[in-house]
Amino acid sequence: MYIAVVNLKKCNGCGYCVDACPSKCFEVSEGKCWAQRAVECTDCGNCPDICPEGAIGIAVGWGG
Ligand code: SF4
Ligand code: SF4
């Protein structure tokens, strides 16, 4: 499985990832992105490509 991980120190709250994610993994609140549904990630690759701050990584293999 895949899990989306956001580095909040880098995130600028632009919200591009919210619109880019087909699995609706992200929400922006109070100027930061929260991967509320991170475990729904399918590793489509959209968010690492679109994030202008390089704030998103995809972790692989947690939970088998
Ligand atoms: S695209 Fe990147 S900088 Fe913008 S809200 Fe998402 S994680 Fe934050
Ligand atoms: S890789 Fe795709 S499915 Fe996973 S969090 Fe990013 S946009 Fe969503």
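Observations on the structure shown:
- Scaling the Cα radius of gyration of segment 2-60 by the globular reference 2.2 N^0.38 Å produces a ratio of 0.94.
- Note that segment 50-55 has calculated 3J(HN,Hα) couplings of 8, 5, x, 9, x, 8 Hz, one per residue in order, obtained from phi through the Karplus relation 6.51 cos²θ - 1.76 cosθ + 1.60 (θ = phi - 60°); glycine and proline are x.
- With neighbour counts taken as other beta-carbon atoms within 10 Å, the residues Ile3, Ile50, Ile56 rank, fewest first, as Ile50, Ile3, Ile56.
- The residues neighbouring Gly15, those whose beta-carbon lies less than 14 Å from its own, together hold a net charge of -2 under the Lys/Arg +1, Asp/Glu -1 convention.
- Segment 1-63: trypsin sites (Lys or Arg not before Pro) falling in loop per DSSP and having at most 14 other Cβ within 10 Å: Lys9, Lys10, Lys24, Arg37
- By the helix-only formula, in which each DSSP H run with n ≥ 4 contributes -39500 (n - 2.57) and the sum is divided by residues, the chain has a 222 nm mean residue ellipticity of -3000 deg cm²/dmol.
- Within the same chain, aspartates and glutamates fewer than 8 places from Lys32 are excluded, and of the rest, those with a Cα less than 13 Å from its Cα are Glu53.
Quick note: the coordinates plus some simple rules give every number you see, no bench work behind them. Everything numeric in this text was worked out from a predicted model, so none of it was measured. Positions of Cβ are backbone-derived with ideal geometry, glycine not excepted, and every protein chain shown enters the neighbour counts.
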